[in-house]
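Down below is the structure, laid out as structure tokens.
The values are calculated or read from the model by the stated rules, or taken from the named source; none is laboratory data. What you are looking at is a predicted structure, and each value in this text was computed from that prediction instead of being measured. Cβ placement follows ideal geometry from the backbone for every residue including glycine, while neighbour counts extend to all protein chains displayed.
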Amino acid sequence: EEEEEEEEGCYQLYPGHIPTSPLQKALLAAGSAFMALYDPYRHDMVAVLGETTGCLALPNLRDKMKHHPEGYRILQERPRIRLSTLDMARLRGLPDGSLGREYVRFLEDNKVSPDTRMPPKFVDDEELAYVIQRYREVHDLMHTLLGMPTNMLGEVVVKWFEAIQTGLPMCVLGAAFGPIHLSARKLQVLATELVPWAIRSGRNASCILNVYYEQHWEQPVESLREEIGIFPPP
Amino acid sequence: ARRGRALRALCGSVRGFAAGPETHFGFQTVTEAERREKIYQVFESVAKKYDVMNDSMTLGIHRVWKDILMHKMNPSPGTLLVDVAGGTGDIAFRFINYVRSVRERQLQRKLKHHQNLSWQEISECYQEDKSKSLGNSQVVVCDINKEMLKVGKQKAQHLGYSEGLSWVLGNAEELPFDDDKFDVYTIAFGIRNVTRIDLALQEAYRVLKPGGRFLCLEFSHVSNPLLSRLYDLYSFQVIPVLGEVIAGDWKSYQYLVESIRRFPTQEELKAMIEDAGFLKVDYQNLNSGIVAIHSGFKL
């Protein structure tokens, strides 16, 4: 019968990959944007939005990584940040102020885990799928480096930083529309202090995906900040 | 890629010897055991969003289809209905509403013809009918999936349905009921998910009383070529996206649209129903064959 009719030409490029037609991607982008705003708890929708709109930004990011020695190594070795790959006990034992110690502190304070990141589904290139996966897994480290909590305000600030850094439309939309749910007082702090700082840091910093974080656990957070070019948080 | 496909085919046939006959799951080829398992998981996953998705995918039209089924059934009070794969209760609730309104009209008519009753006689009439507002009609909702039944029971509670309604966990291919028990057997948008349709039809025949009616509401085949193209476009491009956005589940809705295309045509299903022993088998196309109601009698 109509066996392979809807295979969209290619088949699964990586586990979890769902091949989609351009029309489906457009519908997904619109639907996920709407749903992400309507129900902020649908993190999966934010992820889908990122994947379906990232067709220009992701290759850009991948090229930036390819042309940087550390980024290139990351693309080759494909490290994953997961509870199973991290030695939590060791990181907890590191001195205060080090990246590893602060990262674990961040995870515990905010009760989050790196394992809740959605694997990519709608990216039609296996390497780009890794790039967006890496971006997601590094997100918590961004929180740590920027010193921002996981409440709505903190997330918006991180989104501004990421929007400048990655150019992903999902970050831009999140940065622009995230503040909808914030109070007036928070909006003021956001507009006067946090966002200008996030933009300056984002512009000044080198590509955050080019840092092999797993090899910097012992490094003090401030020193890593300076190295990357992130200004101290207000 | 060619080597991979050949290897997969070899593995498939070896598996076939071990795990049983092959069948389909959407456009994939799987064993019967795998298919049952996969379908169970699909409905376990979609149960909570089942009704929302039905409304979104069909723009609410599924309600009209189910209403038409109920009108075709035209049950009178006292009917004993089994709704198989009845999951979230849509048919059962409609049955109760229908029978209740028929009963009310009966009652009104009865009272109109007895204008010279005493007050005592009239209040007695109301008493006896309040306890039989359904006139002893009953519907048994039978489903293989615990999650779907759970959602159905919650809905019933929420909407206030309790009288004349029972929920049974059971497999359409092997119903937990005695022979010759029910007046009507319905299966709405369920038979497509049964692995051995022939067994389900035989079971339907078995549990119906002589004179009982079989009714099946199911997605079917569109013969009009233009409509068929539009329908395919909508099904394959839009529905999985709706599944992802609303229910966070692309794969289950991809399965749904694929399974519709794998299902027998109107005539093929009619033949299968006749094979099970039913007589006066007929079907009615709704929306040019997007959906069809098949009917048969145990005579």
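Scan segment B:75-112 residue by residue and report those that are of a type outside the set (D, E, K, R), within 22 Å of B:Asp180 (Cβ to Cβ) and not in a helix (DSSP H, G or I).
Initial filter on segment B:75-112 (of a type outside the set (D, E, K, R)): B:75-82, B:84-89, B:91-93, B:95-99, B:101-102, B:106-108, B:111.
Then drop every residue that is not within 22 Å of B:Asp180 (Cβ to Cβ), which leaves B:75-82, B:84-86, B:91-92, B:95, B:99.
Scanning segment B:75-112 gives B:Pro75, B:Ser76, B:Pro77, B:Gly78, B:Thr79, B:Leu80, B:Leu81, B:Val82, B:Val84, B:Ala85, B:Gly86.
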**Request:** Report yes if B:Ile273 is outside any helix (DSSP H, G or I), β-branched (Val, Ile, Thr) and touching a Cys at 6+ places or on another chain (Cβ under 8 Å), otherwise no.
**Result:** no
**Prompt:** Among the numbered criteria (1) under 27 Å from B:Glu32 (Cα atoms); (2) among the acidic types (Asp, Glu); (3) in contact with a strand residue (DSSP E or B) (Cβ under 9 Å, 6 or more places away or on another chain), which single criterion is violated by B:Asp183?
**Reply:** (1)
**Asked** Which condition does A:Glu77 not pass, out of (1) acidic (Asp, Glu); (2) in contact with a helix residue (DSSP H, G or I) (Cβ under 7 Å, 6 or more places away or on another chain); (3) closer than 16 Å to A:Glu137 by Cα, if it passes all the others?
**Response** (2)
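Report yes if A:Leu56 is among the aliphatic types (A, V, I, L, M), at pLDDT below 85 and under 20 Å from the mean Cα position of the chain (by Cα), otherwise no. First the steps, then the outcome.
Details: among the aliphatic types (A, V, I, L, M): yes; at pLDDT below 85: no; under 20 Å from the mean Cα position of the chain (by Cα): yes.
No: the conditions fail for A:Leu56.
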**Message:** Consider segment A:91-146. How many of its residues are surrounded by fewer than 18 Cβ atoms within 10 Å (Cβ to Cβ), small (Gly, Ala, Ser) and under 21 Å from A:Val158 (Cα atoms)?
**Reply:** 2
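Of the residues B:Glu274, B:Glu258, only one is out of contact with any Asp or Glu (no Cβ under 7 Å at 6 or more places or on another chain) and surrounded by 19 or more Cβ atoms within 10 Å (Cβ to Cβ); which? Full working, then the answer.
Values: B:Glu274 fails: surrounded by 19 or more Cβ atoms within 10 Å (Cβ to Cβ).
Matching residue, one of B:Glu274, B:Glu258: B:Glu258.
Provide a single number: the residues in segment A:74-90 that are in a helix (DSSP H, G or I), exposed (fewer than 14 other Cβ atoms within 10 Å of the Cβ) and of a type in the set (A, V, I, L, M).
Total satisfying the criteria: 2.
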**Item:** Index of the failed condition, A:Glu5 passing every other in (1) modelled with pLDDT under 90; (2) surrounded by 14 or more Cβ atoms within 10 Å (Cβ to Cβ); (3) facing chain B (nearest Cβ under 9 Å); (4) out of contact with any helix residue (DSSP H, G or I) (no Cβ under 6 Å at 6 or more places or on another chain)
**Value:** (2)
**Request:** List the helices (runs of 4 or more DSSP H) that sit entirely inside segment A:169-226 and contain at least 2 residues that are crowded, with 17+ Cβ neighbours inside 10 Å and in contact (Cβ under 8 Å) with a residue 24 or more places away in the chain.
**Result:** A:169-177, A:195-204
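Can you name the residue in segment A:16-37 that is farther than 19 Å from A:Val172 by Cβ and without any contact (Cβ under 8 Å) to a residue 24 or more places away in the chain and, of all such residues, is surrounded by the most Cβ atoms within 10 Å (Cβ to Cβ)? If you could, list the steps in order and put the result at the bottom.
Restricting attention to segment A:16-37, the residues satisfying the condition of being farther than 19 Å from A:Val172 by Cβ are A:16-24, A:27.
Still in the running and without any contact (Cβ under 8 Å) to a residue 24 or more places away in the chain: A:21-24, A:27.
Numbers: A:Ser21: 13, A:Pro22: 10, A:Leu23: 13, A:Gln24: 22, A:Leu27: 20.
Ranking the candidates gives A:Gln24 first.
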**Asked** Is there any pair linking a residue in segment A:75-103 that is small (Gly, Ala, Ser) to one that is assigned to a loop (DSSP other than H, G, I, E, B) and surrounded by 10 or more Cβ atoms within 10 Å (Cβ to Cβ), with Cβ under 8 Å and at least six apart or on different chains, and which?
**Response** A:Ser98/A:Trp217; A:Ser98/A:Glu218; A:Ser98/A:Gln219; A:Gly100/A:Leu94; A:Gly100/A:Trp217; A:Gly100/A:Glu218
**Asked** Within segment B:284-299, can you find the residues that are surrounded by fewer than 19 Cβ atoms within 10 Å (Cβ to Cβ) and assigned to a strand (DSSP E or B)?
**Response** B:Gln284, B:Asn285, B:Leu286, B:Phe297
**Request:** Answer yes or no as to whether A:Leu58 is of a type in the set (A, V, I, L, M, F, W, C) and either within 14 Å of chain B (Cβ to nearest Cβ) or touching a His at 6+ places or on another chain (Cβ under 6 Å) (or both).
**Result:** no
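Among the residues of segment A:13-47, write down those that are farther than 17 Å from A:Glu137 by Cβ and either more than 14 Å from chain B (Cβ to nearest Cβ) or of a type in the set (Val, Ile, Thr) (or both). Steps first, please.
First, pick out the residues of segment A:13-47 that are farther than 17 Å from A:Glu137 by Cβ: A:13, A:17-42, A:45.
Passing the criteria: A:Ile18, A:Thr20, A:Pro40.
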**Item:** Subset tally (residues that are more than 20 Å from the chain's Cα centre (by Cα) and either in a helix (DSSP H, G or I) or more than 7 Å from every other protein chain (Cβ to nearest Cβ) (or both)) for segment B:240-258
**Value:** 11
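Among the residues of segment A:147-168, write down those that are assigned to a helix (DSSP H, G or I), among the β-branched types (Val, Ile, Thr) and surrounded by fewer than 22 Cβ atoms within 10 Å (Cβ to Cβ).
Step one: list which residues in segment A:147-168 are assigned to a helix (DSSP H, G or I), which gives A:152-166.
So of that shortlist, the ones also among the β-branched types (Val, Ile, Thr) come out as A:156-158, A:164, A:166.
Scanning segment A:147-168 gives a single hit, A:Ile164.
So which residues in segment B:265-282 are of a type outside the set (A, V, I, L, M, F, W, C) and touching a Lys or Arg at 6+ places or on another chain (Cβ under 9 Å)?
From segment B:265-282, those of a type outside the set (A, V, I, L, M, F, W, C) are B:265-268, B:270, B:274-275, B:277, B:280, B:282; that's our starting set.
B:Gly277, B:Asp282 - these are the residues of segment B:265-282 that are of a type outside the set (A, V, I, L, M, F, W, C) and touching a Lys or Arg at 6+ places or on another chain (Cβ under 9 Å).
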**Request:** Determine if segment B:214-226 includes at least one residue that is closer than 16 Å to B:Asn54 by Cα, under 18 Å from the mean Cα position of the chain (by Cα) and within 10 Å of chain A (Cβ to nearest Cβ).
**Result:** no
**Request:** Report whether or not B:Val207 is within 13 Å of another protein chain (Cβ to nearest Cβ), among the aliphatic types (A, V, I, L, M) and buried (at least 19 other Cβ atoms within 10 Å of the Cβ).
**Result:** no
**Fill in**
Within segment B:261-283, residues being farther than 17 Å from B:Arg192 by Cα and in contact (Cβ under 8 Å) with a residue 24 or more places away in the chain number 3
